[in-house]
Structure formats: structure tokens, C-alpha cells
Amino acid sequence: MKKLLLVPALISGAFIAATPASAATIIGGLGFESARTVQPTEKKEKQQVEAILQAVNVEFLGLNWSNTTAAKINRNGDMTVARNWAYGFWNDNFGVSVDLIKGDWLGAGPNIAAVGLAYKDCWDKFCLRVNPTLAAIDMKGADGQVFKDNGAQLNIKADYQFNDTFSATFHPQYASWNDDELGQTLKLEFNLTANLTDDKRHKLMLVNEHFLVNNASTDHRTRYIGENSPFGGYVVGTESTLKLRYFYVF
């Protein structure tokens, strides 16, 4: 995974280049994240910014893809994580997923690669996507040693469109790793999206995330993100985040 840095850019470039501009929809976003963290003597807020680029309705290798590339930068100007995840569907309901995360930019953290199947469907204003995956992880510790493991993930995304302006999403993401050192993790994401204009090109999203981690770094108690946790780009000790994102549809 040492060259994982190059993969997101190559995938994004290939997807965009493979599709005529009239067919694909390109979405760009900027976000601000405030993380509530648990420190040894107090609780503190830590901030980061994020950049997001998404290509939707991309025809590539016989599949219809939705590809997202994202990165986070902390208050010191250092990148903390880069991620590229994509869903490619061969019909209206069934497809595959590819997810690549590089989280060791600051010298320690996880690099994760996951592939899986995906199912999606909509019923009136409600849409559901279910995505089980198999994953491999290289966890680089603060001492420079690399710990390797494998596991399985389950991602569920439920969307509800209230009207032309507002929609809501619930997005739980569960992972179970073979080794007890990484254990089990669960991220619960809630967001509310508002279209700011009639043409729906300008969007504002409010995101709230909560984390449950149970592994050796948390003394096998279900609690916040601990040291050597398989979450890339989050400050150690994070128990929840609040994000504000702005998107523009090109």
C-alpha cells in the first residue's frame, strides 16, 4: 500500500476521462469539521477542513459509477487522510464497490483497501443502499512498525427526501477485524442536506458523526477512538464530530 497515494488520483482521472462531459455530473465540495475529543484531563475541540470531488453517472468498464475522492487537512496545514471510494452498478440495483484509504500521512495511521458488493433501491421518497465488503489494513504505529490484518465491513445508507429542498441520511458503517488489536468499530453518521437554489446546484450539508470502538486500545470497552484505531483522519480521542459542507454541482 506504499503507493496508495497515487491510486485515488489515477482512478478519478480515469473515470472522468472515460466519460463524455455531457454524461457525467461533477460535484465539488468544501467542509469544516469540529471533533469533540476526550483528552487525559479534559475534553477539547479539534478542527479540520476537507475537500471533496465527486463524479456521478460515469460509464466505465461496462458499469455506471459514482466516484468520490476526498482529503482532510488539519489546522497545521498537514494532510491527515486521503480517500477514494466508488460504486459501479451493472443494472438499477446491483453493483460493486472499491474503497481506498490512506491515513498514515502524519507518520502513523491506517491504510485500508476494501472491495465488496452493493445493492440499492428506492421506494417513493426513501432510498436504501446495502454494501458488505472484505477489507485489508496496514496499520502503521507511532513506533514505525506496521501491523497487517483482514476483516469485513457492512455499510448501510438510508436517504429520505422530504421535499425539493430538504433530505436526510442515516449512514451506519460497521467493521470487524480478525485481530483483537483492531477489534470492532462502528461509525454512525447523520446528515441533513438543503438545496439553496431552485436549480439545486448549491447545496449545504450538516453532518453529525458518532463513534463506537471496542478493541485493545480501548481496554475492550466500547468508547471513543483510541490510539492505533482503524479510523483514518480522525483525531485520537474523538467521540463525535460536527461538519458543515458546501457543494456545487457543475
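The values are calculated or read from the model by the stated rules, or taken from the named source; none is laboratory data. Just so we're clear, the structure is a prediction, and the values are computed from it rather than from any experiment. Please note: Cβ atoms are built from the backbone with ideal geometry, for glycine as well, and neighbour counts cover all protein chains shown. Calculation scope for accessible area: heavy atoms of the full protein, side chains included, ligands and nucleic acids excluded. Shrake-Rupley method; radii C 1.70, N 1.55, O 1.52, S 1.80 Å.
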Considering only protein heavy atoms and a probe of 1.4 Å, how much of the accessible area of segment 80-123 is carbon and sulfur, as a whole percent?
65
Just the accessible area per residue of segment 114-250, please: how many Å² with a 1.4 Å probe?
53
Average projected area of the Cα convex hull of the chain, in nm²?
13.7
Would you mind checking 102/203; 102/243; 157/187; 102/140; 125/157 for any pair whose Cα atoms are more than 18 angstrom apart?
102/203; 102/243
Quote to one decimal, in nm, the extra length available between residue 115 and residue 79 on full extension: 0.36 nm per residue of separation minus the C-alpha distance between them.
10.5 nm
Heavy atoms only, probe 1.4 Å: what % of the accessible area of segment 163-250 goes to carbon and sulfur, would you let me know?
55
The ³J(HN,Hα) series, computed from each phi in segment 190-203 with the Karplus coefficients 6.51, -1.76 and 1.60 at θ = phi - 60°, rounded to the nearest Hz and given as x for glycine or proline, is 10, 8, 10, 10, 10, 7, 8, 10, 5, 7, 6, 7, 9, 10
Taking max minus min of the Cα coordinates of segment 81-219 on each principal axis, largest first, gives extents in Å of 53, 30, 25
With Cα atoms, 0 to 90° folded angle of helix 6-18 axis to the chain main axis:
0
Hey, with R₀ at 41 Å, roughly what FRET efficiency would residue 158 and residue 41 work out to, going by the Cβ-Cβ distance, to 0.05?
0.60
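When ranked by the protection proxy of mean other Cβ atoms within 10 Å per residue, highest first, what sequence do the peptides 98-106, 181-189, 74-82 form?
Most protected by this proxy first, the peptides run 98-106, 181-189, 74-82.
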Of 236, 96, 207, 115, which has the most accessible area with a 1.4 Å probe, and how do the rest follow in descending order?
115, 236, 96, 207
Counting only heavy atoms of protein chains, what accessible area per residue, in Å², does segment 17-107 have with a probe of 1.4 Å?
51
Using just the helices of the chain, give the 222 nm mean residue ellipticity in deg cm²/dmol: DSSP H runs with n ≥ 4 each add -39,500 (n - 2.57), and the total is spread over all residues, rounded to 500.
-1500 deg cm²/dmol
